[in-house]
Amino acid sequence: MRLSSSKLLHALGLTCVIVFSLFPFYWMIAASFKTQNDILASPPVWLFAPTLDNYRQVFSDSKVFGAVGNSLLIASATTALAVLLGAPAAYALARFEFRGKADLWFWFISNRMMSPIVLALPVYLLALQTGLLDTHLVLILVYLTFNLPIVVWICTDQFKSIPPDLEQAARLDGADQFTIFRKIYLPLGAPGIAVSAIFSFIFSWNELLYALVLTRRNVQTAPVVATSFMSGYELPWGKIMATGTVIVLPVTIFALIVSRHMVRGLTMGATK
Amino acid sequence: MTFLQLNDIRKNFGEVSVIKGVSFSAERGEFVVFVGPSGCGKSTLLRMIAGLEDVSGGAMSIDGKDVTYEEPAKREVSMVFQSYALYPHMSVFENMAFGLRMAKLPEAEIKSRVLEAARILQIEPLLERKPRALSGGQRQRVAIGRSIVRNPKIFLFDEPLSNLDADLRTQMRVEIAKLHRNLGATMVYVTHDQVEAMTLADRIVVLRGGLVEQIGTPTELYDRPANTFVGGFIGSPKMNFISATVEQADGARLVLNHAAFVGGHLQLPFAGAAALKPGDKVTVGLRPEHLSLDAENPVLSLSLDISENLGGATQLYTTGAGEAVTLLVAGRPPLKPGDKLRVGINADHIYLFDAQGLALRA
């Protein structure tokens with residue numbers, strides 16, 4: 001009996017967590033199908049006649065598509081670069097001893113300790129002077145500095161969990177350092193790489209502060225456009241929520257695709 | 001001609017000296033076993049032969065070529081790891097083919113070599129499986145298969161059987177012996193298990209604390225241990241040691257004193273007696289399997305503490321004047337704890353060591 005009651009408690013706890021994290025999504029999606037009156041109704045209406053008006057407005061607004069395109073380009077490029085540069089760095093940190101290793105490691109982590117807004121003004125001035133303002137490149141570079149530490153951090157841990165014997169077996173088999181990285185560490189580190197890629201993508205996709213500060217008209221990202229609807233005296237909640245729903249879709253799809261690499265026990269069978 | 005030559009090989013990890021100058025050589029086709037207690041440096045030594053550990057001093061050559069600072073892959077050695085170290089994301093076939101692919105062999109050649117190795121090790125039905133779908137014994141075979149396909153100059157084994165259960169261990173031990181006979185390959189094998197060492201080796205290198213204690217055939221080590229350490233390490237159950245005092249040493253005869261001896265004395269013929277003088281301390285080594293209960297001239301008077309029935313044989317734990325003595329006797333003698341035993345031994349089977357533990361030779 002004790003077992004089943006503890007299981008019940010466990011299930012209850014899980015349900016709470018799931019409701020807590022999914023309710024905002026439900027609210028956003030539900031609101032995107034409501035009229036402005038239904039949205040502002042108090043007490044809230046749970047049953048309503050759904051409307052597609054909000055989506056019609058969003059899809060007729062060319063800004064939204066352009067912004068989603070910008071966001072896709074920037075988030076993909078950032079994620080690709082972060083993994084491309086971060087994974088080899090993580091391999092080095094996980095497996096080699098070299099001078100300054102501890103300092104380098106701390107430097108990577110310390111990049112995450114700084115509150116982003118502290119750097120907003122200096123980065124803006126830098127972008128202004130280098131003529132990078134309102135380009136894709138400036139956001140890719142800025143996001144890269146924030147994402148690289150996450151990739152390095154997660155992947156280093158992941159690579160450390162790969163038995164060193166595998167690397168030595170591969171060395172004896174005649175594999176060079178790069179081949180070992182490519183054929184042993186990348187496939188076996190896939191879960192960590194996938195997680196860090198998702199983090200990196202979501203971060204770049206959601207980022208609002210730097211996107212607001214560093215872009216004007218050309219390179220507005222999706223969150224910037226969504227918030228730009230909040231102007232004047234009117235808050236078109238339905239349109240904002242519909243835009244939000246459209247924005248969340250790509251990142252959800254990306255996470256679902258990548259998450260199939262997030263399997264545990266990939267190194268099972270390697271040893272013992 | 002010497003095939004594998006180690007010359008005063010040393011290894012330091014920082015301040016700590018792990019291998020303190022090891023020299024030995026192996027002939028082509030020889031099966032050499034490094035044996036010793038944990039921490040004796042045997043695995044480190046093996047990994048140095050493989051090139052996985054840097055050498056801090058000394059020189060090493062394989063087939064006449066100096067390989068002291070050579071890359072692991074260029075030494076043409078292969079290694080079976082204690083952990084097997086199979087690539088978990090590759091099939092059995094790909095695990096075995098990996099080294100050949102690295103060597104850029106043609107696909108047909110890779111296939112035929114892998115299939116041949118799989119046939120020898122009887123793992124043909126497993127070729128498409130991933131390591132996680134294999135049992136411990138099967139993984140072991142794949143690990144061995146991976147080293148066979150490369151046709152190396154030397155096979156290195158790092159405690160390959162220690163993860164297997166007792167039955168499988170015996171079975172794989174026999175298979176490794178067969179493999180050695182069939183391939184005629186040079187093998188260096190590390191173990192802490194003296195039974196594996198005795199049964200597999202052409203020659204055994206006994207290591208302790210980073211130094212060689214003795215090198216010899218299994219029989220030499222058993223019959224003529226260089227010191228008390230080797231005497232105690234080789235043979236199971238362990239050799240019994242009794243610290244005695246020389247009472248009389250003249251010509252070819254020695255009389256030793258210890259309260260466990262019948263009458264307090266042990267008299268034995270010993271050609272090297274001239275090197276000893278009355279009052280010297282010596283250690284008498286007696287193997288449990290050499291002691292007998294029904295001797296005409298018993299030498300030890302012991303009292304039984306406990307007996308273990310092994311089925312066909314019985315192991316007796318006894319004490320004689322404070323010294324623990326183990327006996328291994330055939331059958332099941334009807335004895336009970338507290339019984340007084342008078343135990344004999346053939347004088348040829350008595351080992352003598354000096355105060356420093358070094359063997360006294362006739």
Where residues in the range B:133-189 are in contact with a Phe, Trp or Tyr (Cβ under 8 Å, 6 or more places away or on another chain) and of a type in the set (Ser, Thr, Tyr), which of them is farthest from B:LEU100 (Cα to Cα)? B:TYR189
Taking the range B:275-294, which residues are over 18 Å from B:ALA347 (Cα atoms) and in a strand (DSSP E or B)? B:LYS281
Taking the range B:117-147 and the residues there that are outside any helix (DSSP H, G or I) and within 31 Å of the chain's Cα centre (by Cα), the one that is farthest from the other protein chains (Cβ to nearest Cβ) would be B:GLN122
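To keep it simple, each residue is scored yes or no on (1) of a type in the set (Gly, Ala, Ser); (2) exposed (fewer than 12 other Cβ atoms within 10 Å of the Cβ); (3) modelled with pLDDT under 90.
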{"site": "A:PHE65", "(1), (2), (3)": "no, no, yes"}
{"site": "A:LEU85", "(1), (2), (3)": "no, no, no"}
{"site": "A:PRO88", "(1), (2), (3)": "no, no, no"}
{"site": "A:SER110", "(1), (2), (3)": "yes, yes, yes"}
{"site": "A:VAL123", "(1), (2), (3)": "no, no, no"}
{"site": "A:GLN129", "(1), (2), (3)": "no, yes, no"}
{"site": "A:HIS136", "(1), (2), (3)": "no, no, no"}
{"site": "A:ASN147", "(1), (2), (3)": "no, no, no"}
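Rundown of residues vs (1) over 23 Å from B:GLU159 (Cβ atoms); (2) in contact with a strand residue (DSSP E or B) (Cβ under 7 Å, 6 or more places away or on another chain); (3) in contact (Cβ under 8 Å) with a residue 24 or more places away in the chain, yes/no style:
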| residue | (1), (2), (3) |
| --- | --- |
| B:GLN5 | yes, yes, yes |
| B:ASP8 | yes, yes, yes |
| B:GLU15 | yes, no, no |
| B:VAL18 | no, yes, yes |
| B:PHE24 | no, yes, yes |
| B:ARG28 | yes, yes, yes |
| B:PHE31 | no, yes, yes |
| B:PHE34 | no, yes, yes |
| B:LYS42 | no, yes, yes |
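Just name the residue that is farthest from B:ARG132 (Cα to Cα) out of those in the range B:73-103 that are among the polar types (S, T, N, Q) and free of Cβ contacts under 8 Å to residues at least 60 places away in the same chain. Spell out how you get there, then give the answer.
To start, the set of residues in the range B:73-103 that are among the polar types (S, T, N, Q) comprises B:78, B:82-83, B:91, B:95.
Add one more test, that the residue is free of Cβ contacts under 8 Å to residues at least 60 places away in the same chain, and what stays is B:91, B:95.
Details: B:SER91: 10, B:ASN95: 13 Å.
So, considering only residues that are among the polar types (S, T, N, Q) and free of Cβ contacts under 8 Å to residues at least 60 places away in the same chain, the one farthest from B:ARG132 (Cα to Cα) is B:ASN95.
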Can you tell me how many residues within the range B:254-274 are under 24 Å from B:GLY320 (Cα atoms), of a type outside the set (Val, Ile, Thr) and either within 32 Å of the chain's Cα centre (by Cα) or not in a helix (DSSP H, G or I) (or both)? 13
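Within the range A:1-40, how many residues turn out to be acidic (Asp, Glu) and either exposed (fewer than 12 other Cβ atoms within 10 Å of the Cβ) or not in a helix (DSSP H, G or I) (or both)?
Going residue by residue through the range A:1-40, those that are acidic (Asp, Glu) are A:38.
With either exposed (fewer than 12 other Cβ atoms within 10 Å of the Cβ) or not in a helix (DSSP H, G or I) (or both) added as a condition, the list becomes none.
Matching residues across the range A:1-40 total 0.
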Return a yes/no flag: does the range A:104-115 have any residue that is farther than 30 Å from A:PRO187 by Cβ and part of a helix (DSSP H, G or I). yes
Report yes if some residue within the range B:66-75 is out of contact with any Asp or Glu (no Cβ under 7 Å at 6 or more places or on another chain), assigned by TED's automatic domain parsing to the domain that holds B:LYS178, among the aromatic types (Phe, Trp, Tyr) and surrounded by fewer than 21 Cβ atoms within 10 Å (Cβ to Cβ); otherwise report no. yes
Could you figure out which of (1) more than 8 Å from every other protein chain (Cβ to nearest Cβ); (2) out of contact with any strand residue (DSSP E or B) (no Cβ under 8 Å at 6 or more places or on another chain); (3) within 22 Å of B:ILE176 (Cα to Cα); (4) of a type outside the set (Lys, Arg) isn't true of B:GLU70? (3)
Considering (1) at the interface with chain A (Cβ under 8 Å from one of its Cβ atoms); (2) hydrophobic (A, V, I, L, M, F, W, C); (3) part of a helix (DSSP H, G or I), say which one B:VAL114 fails and leave the rest. (1)
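Residue by residue, here is whether (1) of a type in the set (A, V, I, L, M); (2) more than 12 Å from every other protein chain (Cβ to nearest Cβ) holds:
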| position | (1), (2) |
| --- | --- |
| B:PHE3 | no, yes |
| B:ASN7 | no, yes |
| B:ARG10 | no, yes |
| B:VAL16 | yes, yes |
| B:ILE19 | yes, yes |
| B:ARG47 | no, no |
| B:PRO88 | no, no |
| B:MET96 | yes, no |
Looking for something in a helix (DSSP H, G or I), within 28 Å of the chain's Cα centre (by Cα) and under 23 Å from A:THR243 (Cα atoms) - is there at least one such residue anywhere in the range A:89-100? no
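Only one of B:SER112, B:SER83 is surrounded by fewer than 19 Cβ atoms within 10 Å (Cβ to Cβ) and assigned by TED's automatic domain parsing to the domain that holds B:PHE229; which? Walk me through it before giving the result.
Values: B:SER83 fails: surrounded by fewer than 19 Cβ atoms within 10 Å (Cβ to Cβ).
Testing whether each residue is surrounded by fewer than 19 Cβ atoms within 10 Å (Cβ to Cβ) and assigned by TED's automatic domain parsing to the domain that holds B:PHE229 leaves just B:SER112.
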Scanning the range A:162-197 for residues that are farther than 24 Å from B:SER78 by Cα and away from chain B (no Cβ under 11 Å) gives A:PRO191, A:GLY192, A:ILE193, A:ALA194, A:VAL195, A:SER196, A:ALA197
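Looking for something hydrophobic (A, V, I, L, M, F, W, C), assigned to a helix (DSSP H, G or I), within 14 Å of chain B (Cβ to nearest Cβ) and under 19 Å from A:PRO88 (Cα atoms) - is there at least one such residue anywhere in the range A:126-143? Spell out how you get there, then give the answer.
Residues of the range A:126-143 hydrophobic (A, V, I, L, M, F, W, C): A:126-128, A:132-133, A:137-142.
Filter once more, keeping what is assigned to a helix (DSSP H, G or I): A:126-128, A:137-142.
After this cut, where a residue has to be within 14 Å of chain B (Cβ to nearest Cβ) as well, the list is none.
Within the range A:126-143, none of the residues are hydrophobic (A, V, I, L, M, F, W, C), assigned to a helix (DSSP H, G or I), within 14 Å of chain B (Cβ to nearest Cβ) and under 19 Å from A:PRO88 (Cα atoms).
Looking at the structure I just gave you, is B:ALA50 touching a residue at least 24 places away in the same chain (Cβ under 8 Å) and hydrophobic (A, V, I, L, M, F, W, C)? So that I can check it myself, show each step before the final result.
Values: touching a residue at least 24 places away in the same chain (Cβ under 8 Å): yes; hydrophobic (A, V, I, L, M, F, W, C): yes.
Answer is yes for this residue.
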Among B:THR219, B:THR186, B:THR170, B:THR199, the single one that is of a type in the set (S, T, N, Q), away from every other protein chain (no Cβ under 13 Å), at negative phi and touching a strand residue (DSSP E or B) at 6+ places or on another chain (Cβ under 6 Å) is B:THR186
In the range B:208-221, residues that are in contact with an Asp or Glu (Cβ under 9 Å, 6 or more places away or on another chain) and either crowded, with 23+ Cβ neighbours inside 10 Å or within 20 Å of B:VAL174 (Cβ to Cβ) (or both) total 2
Output the strands (runs of 3 or more DSSP E) that fall wholly within the range B:295-350 and possess 1 or more residues being in contact with an Asp or Glu (Cβ under 6 Å, 6 or more places away or on another chain) and either among the hydrophobic types (A, V, I, L, M, F, W, C) or in the same structural domain as B:ASP223 (by TED's automatic domain parsing) (or both), or say none. B:300-309, B:323-330
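The values are calculated or read from the model by the stated rules, or taken from the named source; none is laboratory data. Keep in mind that this is a model prediction, so the values were computed, not measured. All Cβ positions, glycine included, derive from the backbone under ideal geometry; neighbour counts span all protein chains shown.
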